[in-house]
1. Of the numbered conditions (1) closer than 28 Å to His311 by Cβ; (2) surrounded by fewer than 18 Cβ atoms within 10 Å (Cβ to Cβ), Leu234 satisfies every one except a single condition; which is it?
2. Out of everything in region 297-342 that is surrounded by fewer than 16 Cβ atoms within 10 Å (Cβ to Cβ) and β-branched (Val, Ile, Thr), what residue ends up being farthest from Leu268 (Cα to Cα)?
3. Looking at region 375-397 only, could you name the residues that are within 10 Å of Val328 (Cα to Cα) and in contact with an Asp or Glu (Cβ under 7 Å, 6 or more places away or on another chain)?
4. Can you list the helices (runs of 4 or more DSSP H) found entirely within region 18-100 that contain at least 3 residues being modelled with pLDDT of 75 or more and over 39 Å from the mean Cα position of the chain (by Cα)?
5. Which of the residues that make up region 124-136 are over 28 Å from the mean Cα position of the chain (by Cα) and either closer than 17 Å to Val53 by Cα or surrounded by 15 or more Cβ atoms within 10 Å (Cβ to Cβ) (or both)?
6. So, in region 249-263, how many residues would count as being in a helix (DSSP H, G or I) and of a type outside the set (D, E, K, R)?
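The values are calculated or read from the model by the stated rules, or taken from the named source; none is laboratory data. Everything numeric here is computed off the predicted structure, so don't read it as measured data. So basically every Cβ, Gly included, is an ideal-geometry build from the backbone, and we count neighbours across all protein chains shown.
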Amino acid sequence: WIDVYARSIIYQNHPAGMNISIDITERKKTEQKLRESEEKFRTITEQSFIGVVLEQGFNIKYVNHQFSTILGYNSEELLNWKLPDFYEIIHPDDVDRFKKLINDKGKGMFDKITNFQFRLFKKTGELIWVELFSRKIMYKDGSANLAFLMDITNLKEVEDVIRKENKKLLELDNLRKELITRISHELRTPLTSIYGASQILLQSNKKDVIENIWPYLEISYRGSVRLKELIDNLLDASRLDNKKFELRYSNENLNSLINDCIKELQYLADNRQLIINVDLPVNVSLKLDKLRFEQVLINILSNAIKNTPPHGQIFVVLNETQDQIEVVIKDTGVGLTDEEKTKIFQKFGKIERYGMDLDVDIEGAGLGLYISKEIVKLHGGEILVESEGRNKGCTFIVRLYKLLDKLEKPD
């Protein structure tokens, strides 16, 4: 291959022609190799599942089909873009990171980008996650940036699921540890009282009068009751977890049910010198599970008694509106902090008050309010809690909605 240049000149006062011939064989071979290389590059990239873009001087020189597919724009549109146009489709929370990366690369701080992940909006408006790899190359006698882009949205979704599952597993592991610690403690206390009382009874003279051994029988009985309540609560929690908790509805007078619960717990209030004020201005009957709803009210009332120091007061009010019924139980006790209010309805969400000198009963496994909340939910209602903070009392609201298929007004 030769390259010929010709021009007219004056030579010795006569017109003449000058021809210059240059051997360009090597250049042609190089150009041919370059063309073949570009063709191979295009063939490979067009079949790639990775998006490829070539940028030089802030202009887009080449994009493959997959790059267009990822962004949702056709190649003709993208080839008219300049680098800053890409900033417009990057998520606002990621665009500054992307700009800094490009600027640092432009300053020569590094010559390649690896594993840079960010979000961008496709032409359709869909938000996707992508991962960018880029490095400098020589292209047509100049420096250019060859970038590879992968859609990692599905990967991010999988990572998010894994992260959530790991969090659940960690929570379950913590719950398991807490369960073992708490149940061990709750079982030890009544067992110790039963064991101690039984020893005294066995060592006593068979002729001892009943008055002497009666207190120890009472201790054993109370310990047995606590063990039974703990086991019942564990079984209820298990039934709730396994969706096997069933309600048996019957038409009940709510006023009578509330009074029965108060009578059952009155001796506890008397022991702590508490006054229970009852205000039931309306007479309401409705279909509910009597035993389970009693369980809810007794649990909340007993908590109010346990968490109210001696000489305090508890208020029980029944309210009715056009579409709902509320049982409000308010106390003048130790109250709840904001953090405690988020915890009390959780499984084993007992508020630890040991050593806080609050003069309250600290027994319990932390299952009662969790079970109560679930029972009320199964009745189509909800439990709310209000408290202005430590030593400012607490109010529990058991709210039932008037479902036409469950509510019956008395005559």
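1. The failed condition is (1).
2. Looking at residues that are surrounded by fewer than 16 Cβ atoms within 10 Å (Cβ to Cβ) and β-branched (Val, Ile, Thr), I get Thr321.
3. Thr395, Ile397
4. Values: elements: 25-46, 65-71, 75-79, 83-87.
The helices (runs of 4 or more DSSP H) meeting that bar are 75-79.
5. Here is the first cut: in region 124-136, the ones over 28 Å from the mean Cα position of the chain (by Cα) are 124, 132-136.
Of everything in region 124-136, those that are over 28 Å from the mean Cα position of the chain (by Cα) and either closer than 17 Å to Val53 by Cα or surrounded by 15 or more Cβ atoms within 10 Å (Cβ to Cβ) (or both) turn out to be Leu132, Phe133, Ser134, Arg135, Lys136.
6. 8
Results for (1) in the same structural domain as Gly72 (by TED's automatic domain parsing); (2) on the phi > 0 side of the Ramachandran plot; (3) modelled with pLDDT of 85 or more, shown as yes or no for each residue.
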position	(1), (2), (3)
Asp111	yes, no, no
Thr124	yes, no, yes
Leu127	yes, no, yes
Phe133	yes, no, yes
Ala147	yes, no, yes
Ile162	no, no, yes
Asn174	no, no, no
Ile183	no, no, no
